[in-house]
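As structure tokens, the structure follows; a few thoughts come after it.
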Amino acid sequence: MKMNDFAYIVETSKGFDEAVVSVLKAIEQKGWALFQVYDIKERLAAKGFSHQPLKIIEICSGKHADKFLNKNRLVSLCMPCKINVLEDNGKVKIAGMKPTLISEFFPEVSKEEALEVEKEVIEIVNHAR
């Protein structure tokens, strides 16, 4: 499996904090719910580790979540969707997990249904870019 099989990654010319704000705005504009934002650099620094900036942003679309959970409640293992903003060697990247993987683990969820969610995640990432 290759990276682009499970992740959609774009580089942005925005600074790290600006990219995070852009993702949060894109989530709101798309009508998705924001669950949590984890500052991994900060959490690891508290334990004495040094890392470049990384925030994990958990998001959810109620209509998609409801549909998938009604097919198999264990789909919850793949939820919520995540979009990460990270700095890597001076470059800021926005990465979203591709929900089409869900259909590979849970055959009750069709590839077409998962692709519908994936398109929305990609739209959020591209809009934030």
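We did not get these values from a lab; they are worked out from the coordinates using the rules stated. Not measured: the values here are computed from a predicted model. Cβ atoms come from the backbone with ideal geometry, glycine included; neighbour counts cover every protein chain shown.
Angle check, please: helix 111-128 long axis (alpha carbons) against the longest principal axis of the chain (alpha carbons), in degrees 0 to 90, nearest 10. It is inclined by approximately 20 degrees.
Taking 32 Å as the cut-off for C-alpha to C-alpha distance, list the pairs among Lys25/Lys71; Lys71/Lys91; Lys2/Lys91; Lys91/Lys119 that go past it. Kindly include the intermediate steps, with their values, before the conclusion.
Numbers: Lys25/Lys71 30 Å; Lys71/Lys91 40 Å; Lys2/Lys91 21 Å; Lys91/Lys119 25 Å.
Cα-Cα > 32 Å for Lys71/Lys91; rest within.
Using θ = phi - 60° in the Karplus curve 6.51 cos²θ - 1.76 cosθ + 1.60, the 3J(HN,Hα) couplings for segment 50-64 round to 10, 9, 6, x, 7, 10, 9, 10, 8, 9, 8, 10, x, 5, 6 Hz; x is entered for Gly and Pro. Measuring r between the beta carbons of Asp17 and Phe105 and using R0 = 22 Å, the FRET efficiency lands at 0.05. 3J(HN,Hα) couplings calculated from phi for segment 30-35 with the Karplus curve 6.51 cos²θ - 1.76 cosθ + 1.60 (θ = phi - 60°) are, in sequence order, 7, x, 8, 8, 8, 8 Hz; Gly and Pro show x.
Given R₀ = 30 Å, FRET efficiency for Lys63-Val37 by Cβ-Cβ distance, to 0.05?
Details: r = 22 Å, r/R0 = 0.75.
Computed FRET efficiency for Lys63 and Val37 comes out at 0.85.
Cβ-Cβ distance of Ser76 and Asp5, R₀ of 30 Å, FRET efficiency by 1/(1 + (r/R0)^6): the value works out to about 0.85.
What number, rounded to the nearest 500 deg cm²/dmol, is the helix-based mean residue ellipticity at 222 nm of the chain, given -39500 (n - 2.57) per DSSP H run of at least four residues and division by all its residues? Result for the chain: -13000 deg cm²/dmol, rounded to the nearest 500.
The loop-placed GluC sites (Glu not before Pro) in segment 32-108, going by DSSP, that have at most 16 neighbouring Cβ atoms within 10 Å of their Cβ come out as Glu108.
Evaluate the charge dipole of the chain about its Cα centre and quote only its size in Debye, nearest 20, assuming +1 on the Cβ of each Lys and Arg and -1 on the Cβ of each Asp and Glu.
On the way: 19 positive and 19 negative charges, 37 e Å.
Taking the Cα centre of the chain as origin, the dipole is about 180 debye.
Taken over the chain, the convex hull of the Cα atoms encloses 113 Å³ per residue.
Near Lys98, the amide H atoms lying under 5 Å from its own belong to Ala7, Tyr8; only residues 5 or more places off or on other chains count, and H is placed 1.01 Å from N.
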